[in-house]
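Participant: Got a structure here, written out as structure tokens. Questions coming.
The values are calculated or read from the model by the stated rules, or taken from the named source; none is laboratory data. Since we're looking at a predicted model, the values are computed, not measured. FYI the Cβ positions are ideal-geometry reconstructions off the backbone, even for glycines, and counts take in every protein chain you see. Remember, those area values only see protein heavy atoms, side chains included, never the ligands or the DNA or RNA. Shrake-Rupley method; radii C 1.70, N 1.55, O 1.52, S 1.80 Å.
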Amino acid sequence: MNIYDVSKKAGVSIATVSRVLNGNPNVSDKTRTRVLDIMDELGYTPNVFARGLGLGTIQTIGIMCSDSSDPYLAHAIYYLERELRANHYDSILCCTGNSLENKRLYFDLLRSKKVDAIILAGSKFIEPRAKDNAYITEASSELPIMLVNGYLEGDNIYSTLCDDRSATHQAVSQLISSGCRRILYLFTSYSYSGTNKMKGYRDALLGHGLSIQEEYIQNCEKDVLAARDLLLHLHQSGLQFDAVLTSDDTLAVGAVKYAHAAGRSIPDDLSIVGYNNSIYSICTDPEITSIDSKVEALCTTTVRTLMGVFNGGNVPTRTTIAADLIKRATTKF
């Protein structure tokens, strides 16, 4: 028996049950009485999620990420832990790798620790097949699930997202406005975020009357030298491109290295745009124009939303934050 069963039987949302458990005044007497009666009828005893709403808590949040060595995820972990500490919560971090089996194992480990909520940092935790996400939706009946730049529909699941689609659309549009017509796109994954970045790239080309040519869309390992070598290979095979847009700054650094190796002038002969506005973007010569995906804002908003859930407030299940395009020396914007 859990809070989801109570909400379903009472015909109210999980948030309303939470408000009743927390003694929140923003619940009518009629609704409060009905929820309490249903709890008695079902023999419901508040679990760790309910205790996190004001009835006692272990004050600990589980955080999962796929790779803590990735600069984007490392920053996300830092901001999440900083905000949780500011709200008097500890955290347990699990680095899962990319296999679904390991993600499930670590997810179950955090649940066994009776954490008050689980934060999934990064979009790689959401799988294309709904059945592979069932372990997440099932757990959400017992505790809040927070997604940082990932989206999964379900009760008690809250997503904070960067508008990746609009971000890449804007970048491609500005590349076209600066004179580029053969824009190569390098990407690392088909995650939720990766898919939206791809859509933005395609939408912008079509919106400016340019055709989508699949040879200009290249999947690449998230590695500087891999990106450099791929671009050298494409160049040597005769593919003509005057701009490179990447889904991650790591690949953009590889594009700079390619340009130096191939003797191409940046930005006169080749424009480059990275993604995430990481430390990588200012470690090259020239420094790289990059899309700022607002990782700090994503993480602070995620924790603020979680605190709102704990307090029984009305919080959005989906929050979208706009990215910024940081213009540096690899483009003619």
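Participant: Taking all protein chains as present, what is the carbon and sulfur share of the accessible area of the stretch 26-183, in % to the nearest whole number, probe 1.4 Å? List each step's numbers first, then the result.
Facilitator: On the way: 3290 of 7090 Å².
The C+S portion of the solvent-accessible surface of the stretch 26-183 is 46 percent.
Participant: Right, something else. Hey, what did the chain get for relative contact order, percent, Cα under 8 Å, at least 6 apart? List each step's numbers first, then the result.
Facilitator: Working: 645 pairs, mean separation 59.2, N = 333.
Once normalised by length, the contact order is 18 percent.
Participant: Distance in nm between label sites at residue 262 and residue 132, each 7 Å beyond Cα in the beta-carbon direction?
Facilitator: About 3.2 nm separates the two model spin labels.
Participant: Using only protein heavy atoms and a 1.4 Å probe, report how much of residue 182 is accessible, in Å² to the nearest 10.
Facilitator: Around 110 Å² of this residue is reachable by solvent.
Participant: Using alpha-carbon pairs under 8 Å, 6+ residues apart, how would you state the relative contact order of the stretch 227-333 in percent? Could you put the intermediate results ahead of the total?
Facilitator: Values: 165 pairs, mean separation 28.2, N = 107.
Rounded, it is 26 percent for the stretch 227-333.
Participant: A further question follows. Could you run the Debye sum over the Cα atoms of the stretch 244-311, one equal point scatterer each and no solvent, and tell me log10 of I(q)/I(0) at q = 0.16, 0.17, 0.25, 0.28 Å⁻¹, two decimals?
Facilitator: After summing over all Cα pairs, the log10 values are -0.56, -0.60, -0.98, -1.14.
Participant: May I ask you to derive the relative contact order of the stretch 82-159, considering only C-alpha pairs under 8 Å and at least 6 residues apart, and to give it as an integer percent? Could the numbers behind the result be given before it?
Facilitator: On the way: 81 pairs, mean separation 18.9, N = 78.
Dividing the mean separation by the residue count of the stretch 82-159 yields 24 percent.
Participant: For the chain, what proportion of DSSP beta bridges, expressed in % and rounded to the nearest 5, is antiparallel?
Facilitator: Values: 3 of 39 bridges.
Once the DSSP bridges in the chain are tallied, antiparallel ones form about 10 percent.
Participant: Also, I was wondering about something else. At a 1.4 Å probe radius, which order do 294, 103 fall into by accessible area, largest first? The partial results should precede the final answer.
Facilitator: Details: 294 55, 103 5 Å².
So, going from the largest accessible area down, we get 294, 103.
Participant: Additional query: Using a 1.4 Å probe on the protein heavy atoms only, what accessible surface does residue 16 show? Give it in Å² to the nearest 10.
Facilitator: Residue 16 has an accessible surface of roughly 20 Å² with all protein chains in place.
Participant: Using a basic spin-label model with each label point 7 Å from the Cα along Cα→Cβ, how many nm lie between residue 31 and residue 8?
Facilitator: Going by the 7 Å Cα→Cβ label model, 2.1 nm.
Participant: Which order do 224, 273 take when ranked by solvent-accessible area (1.4 Å probe, heavy atoms of all protein chains), largest first?
Facilitator: These residues rank, largest area first, as 224, 273.
Participant: Under a 1.4 Å probe, what is the accessible area of the stretch 82-161 per residue, stated in Å²? Numbers along the way, then the final one.
Facilitator: Working: 3530 Å² over 80 residues.
Accessible area per residue, the stretch 82-161: 44 Å².
Participant: Based solely on its DSSP helices, what 222 nm [θ] is calculated for the chain when runs of n ≥ 4 H residues each add -39,500 (n - 2.57) and the sum is averaged over all residues, nearest 500 deg cm²/dmol?
Facilitator: On the way: 11 runs with 139 residues, N = 333.
About -13000 deg cm²/dmol.
Participant: May I pose another question? Provide, for q = 0.15 Å⁻¹, the log10 of I(q)/I(0) from a solvent-free Debye sum over equal Cα point scatterers in the stretch 62-205.
Facilitator: For the stretch 62-205 at q = 0.15 Å⁻¹, log10 I(q)/I(0) is -0.79.
Participant: Next up: Assuming a ≥ b ≥ c are the square roots of the Cα gyration tensor eigenvalues, decide whether the chain counts as rounded (a/c under 1.5), prolate (otherwise, with a/b larger than b/c) or oblate.
Facilitator: Details: a/c = 2.69, a/b = 2.46, b/c = 1.09.
Prolate, since a/c reaches 1.5 and a/b exceeds b/c.
Participant: Enumerate by residue number the chymotrypsin sites (Phe, Trp or Tyr not before Pro) in the stretch 185-239 meeting two conditions: DSSP loop (anything except H, G, I, E, B), and at most 13 other Cβ atoms within 10 Å of the site's Cβ.
Facilitator: On the way: sites: 185, 187, 190, 192, 201, 216; in loops: 190.
Of the chymotrypsin sites (Phe, Trp or Tyr not before Pro), the ones in loops of the stretch 185-239 whose Cβ has at most 13 other Cβ atoms within 10 Å are 190.
Participant: Top to bottom by accessible area (1.4 Å), largest first, where do 111, 85, 34 land?
Facilitator: Numbers: 111 70, 85 140, 34 115 Å².
Reading off the accessible areas and sorting them downward yields 85, 34, 111.
Participant: Something else: Thinking of the stretch 82-148 as a set of Cα atoms, what percent of all their pairs are more than 20 Å apart? Don't skip to the end; give the middle numbers.
Facilitator: Values: 541 of 2211 pairs.
It works out to 24 percent of all Cα pairs.
Participant: For residue 88, what accessible surface area do you get with a 1.4 Å probe? Give it in Å², rounded to 10.
Facilitator: Only protein atoms counted, so the area is about 140 Å².
Participant: Ok, one more. Can you give me the distance in nm between label points at residue 283 and residue 109, each placed 7 Å from the Cα along the Cα-to-Cβ direction?
Facilitator: 2.7 nm
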